[in-house]
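The values are calculated or read from the model by the stated rules, or taken from the named source; none is laboratory data. Bear in mind that the values here come from a model prediction, so they are computed numbers and not experimental data. Counting neighbours? That spans all protein chains shown, and the Cβs are built from the backbone with ideal geometry, glycine included.
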Amino acid sequence: MNEQADISSEINPSDIIFECPECGKSLAIDERGAGYIITCPDCKSEIQVPGLEDIEQHSDIDGSESRVELSETLRAFNERIQELQRVVEHDRQKFKRISADVVLIQAALDRIMGEVEEDV
C-alpha cells in the first residue's frame, strides 16, 4: 500500500515519529501506519514506516543517553524555577516596602494639602 505521508502540523502522542532514510526529513504518522510504504513529501522516495517494535528497539539503544540528557535538562529547569521563585519573592518584598512608602508619602501630602488649604 503506497500512501502520501500526512504533513499535518499536529503530532499526537501515539504517532510514530521517524526520519526519511534518504533525505533525513522528520516525519510523523498515526501508529496505525506502522509498516506502510509511503512517499516522502520532500524527496519523493518510497519508504517503509517503521513498526512500533522498531521504534522501541531504537529508543532502547539511545534511551539511556536520552534519559541522562532529559534528567540534566529537568535539573536545569528546576534550578531555573527555584531561581525565578526567589526573584519573585524578592520583588514581592520590595513591592510591600514601596507600598508602605507610598502610604507614608500620601499621608504627608494630605497633611501638607490640609495646611495649605487652612492658609488660603
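Some notes on this structure:
- Filtered by the rule that a residue be part of a strand (DSSP E or B) and exposed (fewer than 13 other Cβ atoms within 10 Å of the Cβ), the range 15-30 gives 17, 26.
- Neighbours by Cβ (under 7 Å, 6+ apart or cross-chain): first from the range 82-104, in contact (Cβ under 8 Å) with a residue 12 or more places away in the chain and surrounded by 10 or more Cβ atoms within 10 Å (Cβ to Cβ); second among the hydroxyl-bearing types (Ser, Thr, Tyr) and assigned to a helix (DSSP H, G or I): none
- Only listed residue being out of contact with any Leu (no Cβ under 6 Å at 6 or more places or on another chain), at pLDDT below 85, part of a helix (DSSP H, G or I) and not polar (S, T, N, Q), chosen from 65, 83, 117, 89: 65
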